[in-house]
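Everything below concerns the one structure shown next.
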Amino acid sequence: MPLRSSDPFFSFAQGDIDLAQGALLIAREARPDLDGSHYLHVLDQWADDFAAQTMGRSAAEAIDPFSTYVFEELGFRGNQEAYDDPQNSYIDAVIDRRIGIPITLSLGYIEIGRRLGLPLSGVNFPYHFLVRCDAPPEPIFIDPFAGGQRLDRQQLAERLPVVDGAQLRFSEQYVEPASPRDILARMLRNLKRIHVTERRLRDAVRCGERISWLLPNEAENYRDLGFLYYRAHEYGKSIAAFEEYLRWADEPHDVEEIRQNIRVISGRLGLLN
């Protein structure tokens, strides 16, 4: 698999990650002529318009008025009618339409709040992205998809999904702050799933590649990318991705399956040459 790419996202992923800039780069997939500076200015302006209401308030005191501002005055809401619309994953469209899915609504909330000095971070909660505000005496958890609903740990535990017939038990790891890299990778996974479902394999491959650039040490990303390359008939890249998976994975359970895939694809390549 090539180590470099002409995709601007590759260069972006090599350095420190700016969340808003990364989201705008992802949005350029759908709108190549997107003016990122315009949307950064919009976020700045929204923060400036609310700034006076944070004066003299602690984060714990400011968070509820801030949520009211974002979800009532600005009018952001969850798109429950068309959850899988790809536009919900492009931050420019979310800002323009003021509608999105949990992760993009959270991203907008975080970016406006960051400009106000609020200690906000994303939370990779299972199946539903959330926002965490580290305001003493303990963190506050917010669900932007539910209009800024505040959640305590009991409510979070009740939201955990059922896996193998049993509901997951609450763990602090589920509410740890997510890094900007993890947030952008989750956005790309959402898009990749939609592209695969709608059979846009080239778009799905591009998402898979970008995930591997953001998280180059995560083995599973290479395995998934190997299958995507195969479906897109890019057999050489498929082999390289599977080999990267075997290099990074720690005693993978599917090692023989992946090795067999490599042998079969190599044989197919031999027939094509």
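The values are calculated or read from the model by the stated rules, or taken from the named source; none is laboratory data. Please read these numbers as outputs of a predicted model, since none were measured by experiment. Don't worry about glycine lacking a Cβ; one is built from the backbone with ideal geometry, like all the others, and counts go over all protein chains shown.
What the table shows:
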quantity: Qualifying residue in the range 75-86 (condition: among the charged types (D, E, K, R) and touching a helix residue (DSSP H, G or I) at 6+ places or on another chain (Cβ under 8 Å)); calculated: yes
quantity: Test for residue 142: is it in contact with a Leu (Cβ under 8 Å, 6 or more places away or on another chain), closer than 16 Å to residue 118 by Cβ and surrounded by 19 or more Cβ atoms within 10 Å (Cβ to Cβ); calculated: yes
quantity: Those residues of the range 173-190 which are in a helix (DSSP H, G or I), touching a Lys or Arg at 6+ places or on another chain (Cβ under 9 Å) and over 18 Å from residue 244 (Cβ atoms), in sequence order; calculated: 175, 184
quantity: Some residue of the range 204-211 being outside the structural domain of residue 140 (by TED's automatic domain parsing), assigned to a helix (DSSP H, G or I), farther than 19 Å from residue 88 by Cα and at pLDDT 95 or above; calculated: yes
quantity: Selected residue (only one of 66, 50, 10 is farther than 24 Å from residue 178 by Cα and in contact with a helix residue (DSSP H, G or I) (Cβ under 7 Å, 6 or more places away or on another chain)); calculated: 50
quantity: Any chance residue 64 is charged (D, E, K, R), under 21 Å from residue 189 (Cα atoms) and touching a Lys or Arg at 6+ places or on another chain (Cβ under 9 Å); calculated: no
quantity: Search result, residues across the range 45-103 that are without any contact (Cβ under 8 Å) to a residue 60 or more places away in the chain, among the hydroxyl-bearing types (Ser, Thr, Tyr) and either outside the structural domain of residue 129 (by TED's automatic domain parsing) or under 18 Å from residue 195 (Cα atoms) (or both); calculated: 83
quantity: Verdict on residue 169 being of a type in the set (D, E, K, R), part of a loop (DSSP other than H, G, I, E, B) and within 23 Å of residue 83 (Cα to Cα); calculated: no
quantity: Selection within the range 131-150 - among the aromatic types (Phe, Trp, Tyr) and in contact with a Lys or Arg (Cβ under 7 Å, 6 or more places away or on another chain); calculated: 141
quantity: Members of the range 161-194 that are in the same structural domain as residue 79 (by TED's automatic domain parsing) and over 30 Å from residue 58 (Cβ atoms); calculated: 161, 162, 163, 164, 165, 166, 167, 168, 169
quantity: Of all residues making up the range 213-242, the number that are among the small types (Gly, Ala, Ser) and either free of Cβ contacts under 8 Å to residues at least 24 places away in the same chain or not in a helix (DSSP H, G or I) (or both); calculated: 1
quantity: Options 107, 151; residue that is at pLDDT 90 or above and closer than 18 Å to residue 60 by Cα; calculated: 151
quantity: The range 253-273 residues that are more than 16 Å from residue 240 (Cβ to Cβ) and at pLDDT below 95, paired with ones that are not acidic (Asp, Glu) and not in a loop (DSSP other than H, G, I, E, B) (beta carbon under 7 Å, 6 or more apart); calculated: 255/246
quantity: Which numbered condition residue 199 misses (of (1) in a helix (DSSP H, G or I); (2) surrounded by fewer than 21 Cβ atoms within 10 Å (Cβ to Cβ)); calculated: (1)
quantity: Residue in the range 121-129 that is assigned to a strand (DSSP E or B), polar (S, T, N, Q) and touching a residue at least 40 places away in the same chain (Cβ under 8 Å) present; calculated: yes
quantity: Index of the failed condition, residue 212 passing every other in (1) within 19 Å of the chain's Cα centre (by Cα); (2) of a type outside the set (A, V, I, L, M, F, W, C); (3) closer than 27 Å to residue 79 by Cα; calculated: (3)
